[in-house]
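Reading through the structure tokens given below for one structure.
The values are calculated or read from the model by the stated rules, or taken from the named source; none is laboratory data. Since the structure is predicted, the reported quantities are computational estimates derived from the model, not experimental observations. Quick reminder, even Gly has a Cβ in these numbers, built from the backbone with ideal geometry, and neighbours come from all protein chains shown. What goes into the accessible areas is simple: the full protein's heavy atoms, side chains included, and nothing from ligands, DNA or RNA. Shrake-Rupley method; radii C 1.70, N 1.55, O 1.52, S 1.80 Å.
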Amino acid sequence: MPIPILRSNRNSKKELDRFLSGAKEDLSSATAKILPILEAVRTRGDKALIEYTEKFDGILLNSVTIDPHSIQTNLNPNIKEAFLRAKSNIESFHEAQKRESWSRTIDGNRLGVKYTPIPSLSVYAPGGKALYPSSVLMGVIPAKIAGVKNIQLITPPQKDGLPEILVWLCQILEVNRIVTVGGAQGIAAAAYGTESIPKSEFIVGPGNAYVAAAKSYLAGQGIIGIDSPAGPSEVCIIADSSANPKWIACDMLSQAEHGEDSSAILLTTEENFAKKVSEELEKAFVERPKRLAMKQNSIYKNSAILVFPSLEDCIWFSNELAPEHLEIQTKENESVFSKIEHAGSVFIGPYSPVAMGDYISGTNHILPTARGSRIYSSLGVDTFLKRVTFQEVTKESLVTLYPFVKLMSELEGLDEEHGTSVKVRTEESL
């Protein structure tokens, strides 16, 4: 069963709408289930956390928090080297995103912006088979650079103890504490705070449907800030015959490896090239059968190769799709990239697979999905900074501008107090 190869154009509305509908996760069922959990944690704190952890994880906790420096680690030196290299690259990339406060004189007055960090952050790290320690680097490092002072890791407990890699990362990143509670109850603990767990203003990191539902619900209530709402992982690839079909197939499968709801879409103008990529996908299923059913479901059900009349059409559809990851592998990479408006992160050229950004190159892999890059950006230093605007008005400017304030406040029916608050300053001195 080959991957669908579809001839498309800008008028193929019915065909393309299937991809443009966005694979947003339906959280309604999960939300109904997590609401009692959120309320229990809000009202009963640590006691509720201990009860839910025993119920869902089969572990009776003595404490819901751990000081990461209280645990001795003996991690493989090669693993340490890999993560330290990634840490260095991620820090270098995000250091360049630092913001400086500024001011300027406008109409005689000093106006400006002061940047201040959010006070606290929780980074959620799934456990078990869904262990993504690289996401800890991606969540903690930009927050540290922004100046966030209180950072805690939320992760479910394990019967054999916490994963050593998570503990070691918390040590080298100077995370304040590890909260050994997972799921919606862990998110609730971070959002509301408990006797043992400080409240966080912001929560980032991947998780299952219950984690996603808890984050979305609490953010909607204005209780916490979150990274962009997350859906299944996705990649869009714009490529022509200058690209290696085998490499393209590998890149599509690297997204399919995330889960059967992931998607990989190749946009090209050349049908022969499309067929070669399809053939390489079939070969890969035979040669690399690990997680075969998952990868096949992703490729056959959620993915496609779309053949458009021109490269401009490919670019147009990519911008409509606003993918989480976008790869560009053409003879005109820079020209194509210059026309890209919406994408979470872009990977330019044949030697830039998404996996490099996932782990080591330095860009952040916490990205908007489901067409979210139309309005959201990748996680970065800005995520954890607030803009405080300020102004210092001179008496001379106040006198000059008062007639305009008078007219505008009268127009809005607010002249009695708004207008007067300016007028009295024109008539009296300190």
Legend entry - For region 252-284 versus region 170-210, the gap between their alpha-carbon centres in whole angstrom: 37
Legend entry - the chain - percent relative contact order, Cα under 8 Å, separation 6 or more: 22
Inset, instruction - With a 1.4 Å probe and every protein chain kept in, tell me what percent of the accessible surface of region 27-229 is carbon plus sulfur. - result: 49
Legend entry - Candidate aspartates and glutamates - alpha carbon under 15 Å from residue 144, same-chain residues fewer than 8 apart omitted: 91, 95, 174, 201, 382
Legend entry - Share of alpha-carbon pairs per 5 Å distance bin for region 58-147, given as whole %: 2, 9, 12, 17, 18, 12, 10, 6, 4, 4, 3, 2, 1, 0
Legend entry - Cα-Cα separations in the chain greater than 42 Å, expressed as whole percent: 28
Inset, instruction - Just order 248-257, 375-384 by mean Cβ neighbour count inside 10 Å, highest at the front, would you? - result: 248-257, 375-384
Legend entry - Principal axis dimensions, largest first and in whole angstrom, of region 27-229 by Cα: 65, 44, 29
Inset, instruction - Go ahead and set up a Gaussian network model of the chain, Cα springs under 10 Å, then flag whichever of 97, 152, 329 fluctuates most. - result: 97
Inset, instruction - Rank-order 100-106, 161-167 by packing density, defined as the average count of other C-beta atoms within 10 Å over each peptide's residues, highest first. - result: 161-167, 100-106
Inset, instruction - Please give the per residue accessible area of region 27-229, computed with a probe of 1.4 Å over protein heavy atoms only, in Å². - result: 46
Inset, instruction - Would you grab the residues whose amide H sits under 5 Å from the one on residue 386? Only those 5+ places off in sequence or on another chain, please, with H modelled 1.01 Å from N. - result: 116, 118
Inset, instruction - Find the centroid of the Cα atoms in region 66-99 and in region 335-381, then give the distance between the two in whole Å. - result: 22
Legend entry - Length-normalised contact order of region 135-224 in % [C-alpha pairs under 8 Å, at least 6 apart]: 26
Inset, instruction - Quick one: net charge around residue 332, please, counting Lys, Arg +1 and Asp, Glu -1 for every other residue with C-beta under 15 Å from its C-beta. - result: -4
Legend entry - Simple Cβ-charge dipole of region 1-144, Lys/Arg +1 and Asp/Glu -1, about Cα centre, in debye nearest 20: 600
Inset, instruction - Mind checking which lysines have their Cα closer than 30 Å to the Cα of residue 275? Skip sequence neighbours fewer than 8 apart in that chain. - result: 13, 14, 24, 246, 283, 290, 295, 301, 331, 339
Inset, instruction - Pairs of Cα atoms under 8 Å, at least six residues apart: use those to get the relative contact order of region 357-420, whole percent. - result: 16
Legend entry - Packing-based ranking, highest mean first, of 236-244, 305-313, 187-195 given that Cβ atoms within 10 Å are counted: 187-195, 236-244, 305-313
